[in-house]
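Structure record follows, encoded as structure tokens.
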Amino acid sequence: MLKHQRDPIVAIATAPGRGAVGIVRVSGVDVSAVILAVCGQPLKPRHASYLPLLDAKGEAIDQGIALHFPAPNSYTGEDVLELQAHGGPVVLQLLLARCLEAGAGIGVRLARPGEFTERAFLNDKIDLAQAEAIADLIEASTEAAARSASRSLSGAFSRDIEELRRRIVDLRMLVEATLDFPEEEIDFLEKADARGRLDRIAAALAQVLDRAQQGALLRDGLRIVLAGQPNVGKSSLLNALAGAELAIVTPIPGTTRDKVSETIQIEGVPLHVIDTAGLRGEHEAADEVERIGMQRSWGAIEDADAVVFLHDLTRAGSTDYDRAEQDIASRLPEGARIVHVFNKADAMREWAGAPHDPGAITLSARTGEGLDVLRARLLDIAGWHASPEGVFIARTRHIDALSRTRAHLALAQQMAARADAALDLLAEELRLAHDALGEITGAFTADDLLGEIFSRFCIGK
Ligand SMILES: Nc1nc2c(ncn2[C@@H]2O[C@H](COP(=O)(O)OP(=O)(O)OP(=O)(O)O)[C@@H](O)[C@H]2O)c(=O)[nH]1
Ligand SMILES: [Mg+2]
């Protein structure tokens, strides 16, 4: 018996456009009415049947493969029919309309985005972190991100979370049992090594949090903004990092007017690199376009995870140039992560003066010399220290829940360390830690959050 009985749903499961094969999927408590109408016969479960897919008059819309996955052995856990036809948009629309028509009697309707996966979650086929990993796998922008999503989908992340929850539950039971027998409390907890157990749970959680943070990095990447005066070589640097001629490069100051961005990957970590219009005083802008371009540059700098402040070695020392450098430096947002990069090293035969900032990087966007040092620095700034093999994909939502768990465990550790061990407070912090962890796998999640998560899926998934 399914936990949730809902309307039967139908959708095209393959991406829009033309393809060799396209799939229409129907899911519901019992979809045999649709099977009989469209396939003209009952289907052997989980067997591929090659047959005409029929319209209302009994004529073939297409010749294709039909698969029936009876509940509960299907993606959604419900009765599922999958129709594989030729992947043309019109054919698939016809099939979709036909399924709606044939299923009108049982109330078949179009699926909402993510509704198939939502049902898989509601029917306990997968937990919430796995459902999210499906979307992350589909959207992965690098191989490392795809592999870590696949690892989360297989349940690696969820198992770690459930293991932590189990250990917290054990401890909760111990503490709560002790609450009922106050006279023995301290002794009892000491013997059971409650504090040692709590410390080990906190240490294990710190490890999971670290791996999740690495996974979130693989999923979301980092926004890096290239900023500096006109003509310092920002667009040249973007092109060098991307290995393609993306942005226009000319000796004319003010070449770049609008933001140009490209996602590059370094060791599988996606970096969204944004080239901006060169910065100079507002009254110095040649025209309205450049003025707006500079405003956008400042906007991008505000939103950046890190700013590469690019300097031109060939011009350093000239009064106007140096004054403009100081002007930009004074306007950079406080707390922003800045990497000072000195460009055009190739044009300096012998360049004696080392940049003041010991963390500064000297390179040449033209020859590529020094780019590796910049790449390594960007990874370092991103906080990337893992090898992709051990990482599972994670979202801000997961990091947030893990951080709250850590905070509750830290409070629990404080309570446990007190001489007058505040057991009721300790028990409460453990409960909160347990609930926060439960949000990740969906064991403890509000309905509106579920709606929000699944609505971001594509239709048919
Ligand atoms: N010698 C040398 N010239 C460079 C280097 N990088 C860029 N240039 C030259 O500097 C000039 C400006 O380069 P761009 O990449 O357009 O500079 P920008 O910072 O994007 O300039 P704006 O878009 O106007 O703000 C061009 O003539 C480039 O060929 C470098 O590493 N070495
Ligand atoms: Mg430019």
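Of note:
- Spacing of the two label points (7 Å from each Cα toward its C-beta) at Thr396 and His47, in nm: 5.1
- Rounded to whole numbers, the Karplus 3J(HN,Hα) couplings from phi for the stretch 335-344 are x, 5, 8, 10, 10, 7, 10, 9, 9, 6 Hz, using 6.51 cos²θ - 1.76 cosθ + 1.60 with θ = phi - 60°, and x at Gly and Pro.
- Using alpha-carbon coordinates, inclination of helix 128-139 to the longest axis of the chain, degrees: 60
- Beta-bridge orientation, the chain: approximately 60 percent antiparallel, per DSSP, counting only bridges with both partners inside.
- Dipole moment magnitude, nearest 20 debye, the chain about Cα centre, only Lys, Arg, Asp, Glu C-beta charged: 1320
- Highest average first, the peptides 357-363, 26-32 ordered by how many other beta carbon atoms sit within 10 Å of their residues are 26-32, 357-363.
- Estimated 222 nm signal from helices in the chain, with DSSP H stretches of n ≥ 4 weighted -39500 (n - 2.57), rounded to 500: -15000 deg cm²/dmol
- Near the amide H of Gly64, within less than 5 Å, lie the amide hydrogens of Leu51, Leu53, all on another chain or at least 5 residues away, with H placed in the peptide plane.
- Extended-chain gain in nm, criterion 0.36 nm per residue less alpha-carbon gap, Glu284 and Asp320: 11.7 nm
- In order through the stretch 17-34: 3J(HN,Hα) via Karplus (6.51 cos²θ - 1.76 cosθ + 1.60), integer Hz, x for Gly, Pro: x, 9, x, 4, 10, x, 10, 10, 10, 10, 9, x, 5, 8, 9, 4, 4, 5
- Qualifying aspartates and glutamates (Cα of each under 18 Å from Cα of Lys57; at least 8 residues distant if same chain): Glu101
- Shown here for the stretch 296-365: chymotrypsin sites (Phe, Trp or Tyr not before Pro) in loop regions (DSSP other than H, G, I, E, B) with at most 16 other Cβ atoms within 10 Å, namely Trp351.
- The ratio of the alpha-carbon radius of gyration of the chain to the globular-protein estimate 2.2 N^0.38 Å is 1.29.
- Amide H to amide H distances under 5 Å link Val308 with Val225, Leu226, Ala227, Val339, where only residues 5 or more positions off or on other chains count and H is placed in the peptide plane.
- Tensor-based shape of the stretch 242-356 (alpha-carbon gyration tensor, a/c under 1.5 rounded, otherwise prolate or oblate): rounded
- J(HN,Hα) series, the stretch 149-154, from Karplus relation 6.51 cos²θ - 1.76 cosθ + 1.60, nearest Hz, glycine and proline x: 5, 5, 5, 5, 4, 6
- Antiparallel DSSP beta bridges within the stretch 256-370, percent to nearest 5: 45
- Judged by the mean number of other Cβ atoms found within 10 Å, the most tightly packed of the peptides 230-240, 189-199 leads the ranking 230-240, 189-199.
- Proximity of backbone amide H atoms, modeled 1.01 Å from N, is registered between Thr362 and Phe342 at under 5 Å, excluding neighbours fewer than 5 places apart on the same chain.
- Cα-based shape type of the stretch 353-426, given that a ≥ b ≥ c are square roots of the gyration tensor eigenvalues and the cut on a/c is 1.5: prolate
Where a number appears in this text, it was derived from the coordinates with a stated rule and is not lab data. Because the structure is predicted, anything quoted here is derived from the model rather than measured. Cβ sites come from the backbone with ideal geometry, for glycine too, and all protein chains shown count toward neighbours.
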